[in-house]
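The structure under discussion appears below in the form of structure tokens.
The values are calculated or read from the model by the stated rules, or taken from the named source; none is laboratory data. None of the values given here were measured: they were computed from a predicted structure. In this analysis, Cβ positions are derived from the backbone assuming ideal geometry, glycine residues included, and neighbour counts consider all displayed protein chains. All accessible areas refer to the heavy atoms of the entire protein, side chains included, with ligands and DNA or RNA removed. Shrake-Rupley method; radii C 1.70, N 1.55, O 1.52, S 1.80 Å.
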Amino acid sequence: MTTQHRGLFIAFEGGDGAGKSTQAAELAGVLESRGLLVRRTREPGGTPIGEKLRSLVLDHGHGHIDARTEALIFAASRAAHANQVIRPALERGEIVLTDRYIDSSVAYQGAGRKLGTGAVRDLNDWATAGLQPDLTVLLDVDPAEGRLRRTAGDAAEDRLESEADEFHARIRAAFLDLAADRPENYLVLPAHLPVTELAKEILNRVDALMLARQGACQLAGQGESP
Ligand code: TYD
């Protein structure tokens, strides 16, 4: 797929408790220390309307939310995020690191909720006008291990996290299928590796990507006046 922006778009994906935010923060720190402009963001959320949708869809207490409604709420939040935040940042040449993107909907709503991965993918391609990450880092986590990690310290589970292990196993398999379909756009790593090792692998891949795209992409920050 041809890249139509100057920046770099990297998504972090994986089951709950995989450690995506830790790795996004590690990578952001290194890239910022090189003077590059980095925008860290997340889904659901990333815009004022998206944050409202986030609490609607994740918090307990809004009554029953059927699977199609859930998929549309995630897609609405993503439409705002992609069109109002991510694409403009990429056009300015920034590096965008998002904690979750389309693959989360394909895995959670398409496979987890059994809405069908193709239908959910089409919905989200429409919502984002086809905006795809240049690289997706998939932190592969065993569902039982993920549950242990996220409930450490008695943290409460949200609506999706509190689903059965079988639901999370379907999600894991769907993420791995997505990566297997387009291996050139994915870096798949076992989430149980030490944080520093994961960070090193991710940085190596991002460096290789930036090198390969030199000329085609013009990253903002380094060497530019503010
Ligand atoms: P996340 O923000 O990663 O959770 P936390 O910050 O609490 O670790 O994601 C919230 C939940 O929403 C998570 O269980 C995955 C789910 N989710 C979907 O089901 N579909 C989606 O499209 C997205 C973005 C998230």
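Return the residue satisfying two criteria in turn: it lies in the stretch 135-174 and is under 24 Å from residue 27 (Cα atoms) and not in a helix (DSSP H, G or I), and of such residues it is farthest from the ligand (Cβ to nearest atom).
Top of the filtered list is 135.
Scan the stretch 13-27 residue by residue and report those that are more than 7 Å from the ligand (Cβ to nearest atom) and part of a loop (DSSP other than H, G, I, E, B).
Hits for the stretch 13-27 are 15, 17, 18, 19.
Within the stretch 28-50, work out how many residues are assigned to a helix (DSSP H, G or I), surrounded by 15 or more Cβ atoms within 10 Å (Cβ to Cβ) and of a type outside the set (Val, Ile, Thr).
Total satisfying the criteria: 3.
Run down 67, 82, 75 and say which single residue is farther than 16 Å from residue 132 by Cα and either touching a Ser or Thr at 6+ places or on another chain (Cβ under 8 Å) or within 14 Å of the ligand (Cβ to nearest atom) (or both). Full working, then the answer.
Values: 82 fails: farther than 16 Å from residue 132 by Cα; 75 fails: farther than 16 Å from residue 132 by Cα.
Testing whether each residue is farther than 16 Å from residue 132 by Cα and either touching a Ser or Thr at 6+ places or on another chain (Cβ under 8 Å) or within 14 Å of the ligand (Cβ to nearest atom) (or both) leaves just 67.
Kindly provide the set of residues from the stretch 114-134 that are more than 14 Å from the ligand (Cβ to nearest atom), outside any loop (DSSP other than H, G, I, E, B) and not small (Gly, Ala, Ser), ordered by number.
122, 126
Take residue 131 and tell me if it is modelled with pLDDT of 95 or more, open to solvent by less than 10 Å² (accessible area, probe 1.4 Å) and in contact with a strand residue (DSSP E or B) (Cβ under 8 Å, 6 or more places away or on another chain). So that I can check it myself, show each step before the final result.
Numbers: modelled with pLDDT of 95 or more: yes; open to solvent by less than 10 Å² (accessible area, probe 1.4 Å): no; in contact with a strand residue (DSSP E or B) (Cβ under 8 Å, 6 or more places away or on another chain): yes.
In short, no.
What are the pairs with Cβ atoms under 7 angstrom where one residue, in the stretch 58-79, is more than 15 Å from residue 114 (Cβ to Cβ) and at pLDDT 95 or above and the other, located anywhere, is among the hydrophobic types (A, V, I, L, M, F, W, C) and open to solvent by 20 Å² or more (accessible area, probe 1.4 Å)? Sequence gap at least six, or different chains.
Between residues of the stretch 58-79 that are more than 15 Å from residue 114 (Cβ to Cβ) and at pLDDT 95 or above and residues that are among the hydrophobic types (A, V, I, L, M, F, W, C) and open to solvent by 20 Å² or more (accessible area, probe 1.4 Å), the close pairs are 73/53; 73/56; 75/123; 76/53; 77/53.
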